[in-house]
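Down below is the structure, laid out as structure tokens.
Values quoted throughout were computed directly from the atomic coordinates according to the rules given, and no laboratory measurement underlies them. All values derive from a computational prediction rather than experimental measurement. We place every Cβ from the backbone using ideal geometry, glycine too, and count neighbours over all the protein chains shown.
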Amino acid sequence: MPDFCGIPLAHPVINASGTYDAIAARRVFGDELLESFPFSAFVSKTITPEPRAGNKPQRIWETPAGMINSIGLPNKGLEGFLAEDLPQLAELPVPLIVSVMATNREDFSRMVDGAAVRDEVAAIELNVSCPNVHSGLIVGENPAETEALLDALRPLTEKPLIVKLTPNVANPEAVALAAEEGGADAVSLINTLKASAIDPVTREPALAAGHGGLSGPAVRPIALQQLRTVTAVTEIPAIGMGGISSGADAAEFLAAGATLVAVGTESFRDPNAGPRIANELETGVYQASSRL
């Protein structure tokens, strides 16, 4: 049984934020979902200070060995999440990790303060992919910004703070080290890679926003390399993710230094991916990974 930042888990497979809707799943499967929940911890979709409708369609585009999404973080905002979603997520039989995002330290502080104080919340994931409105720099792409953010947030809670790293930097290990120096308890990586696609019929951008984030098996080698680089220089635990579709993939991430692995895009194809991958890890009997 793995221990993650003092949180005991049944196995090392969790979900990537925004890739599994536990509330919708329970509406479909009822309490049966609680009896056999697919992950050992649940990471919420990313919550922002105020409600967001998300981007206009088209928001998802399939690519060879992956997909590009431009969902746009639709959510109810902090107050809506705490009032409406948190009571439902608290009924899940696993620890809850709440993912938050903001564009300045003041709003990040408000998010962490509002969520971490709740007993239902086991840990906070900091999605640092937005630009800081004060500096114009993307927090997760700039080590100094990352460390300054953690310096501001660390005194607010004793609960684990997990920094979700972007792959869209030359040296992710520098950002990870800055997060560690600022007091982060763990890092998670990788987030999606910047990507675009053209509709072959219209010759126009395939996504309404013009671009999005690439995920799926196509990004797995990049995720493994960045994970190895980060875990080689940091001492805090890492959650590895990026194209994991089988127990064999998950085993590679664990061998590369991950403490936990997160399943994302594969859950769209196979809603039972979480327990399948956990079982393959436990038994050592792997199904073939997704290839080109």
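When the chain is treated as a GNM with alpha-carbon contacts under 10 Å, the residue of R110, R228, R27 showing the greatest mean-square fluctuation is R27.
3J(HN,Hα) along segment 263-269, derived from phi through the Karplus expression 6.51 cos²θ - 1.76 cosθ + 1.60 where θ = phi - 60°, amounts to 9, x, 4, 4, 5, 5, 7 Hz, with x in place of Gly and Pro. Each residue, T283 and V28, gets one label point 7 Å from its Cα in the Cβ direction; the gap between the two is 2.4 nm. By the compact-protein rule of thumb, 2.2 N^0.38 Å, the alpha-carbon radius of gyration of the chain corresponds to a ratio of 0.94. Taking trypsin sites (Lys or Arg not before Pro) across segment 159-219, the ones in a DSSP loop with at most 14 further Cβ atoms lying within 10 angstrom of their Cβ are R203. Label positions at V233 and F268, each projected 7 Å from the Cα along the C-beta direction, are separated by 3.2 nm.
With R₀ set to 22 Å, the beta-carbon distance separating E181 from I222 gives a calculated FRET efficiency near 0.35. Put simply, the amide H of S188, placed in the peptide plane, has neighbours under 5 Å in V163, K164, L165, I239, leaving out anything fewer than 5 places away on its chain. Legend: ranking of residues M101, M67 from fewest to most surrounding C-beta atoms inside 10 Å; resulting order M67, M101. The antiparallel fraction among DSSP beta bridges confined to the chain stands at about 40%. Amide hydrogen proximity for N15: with H placed 1.01 Å from N in the peptide plane, the residues at 5 or more positions away or on another chain lying under 5 Å are A41, V43, V263. Of all aspartates and glutamates in the structure, the ones whose alpha carbon falls short of 17 Å from that of K45, not counting any fewer than 8 places away in one chain, are D21, E79, E84, D85, E91, E120, E125, E266. The calculated FRET efficiency for the pair R118 and V201, based on their C-beta separation and a Förster distance of 45 Å, comes to about 0.40.
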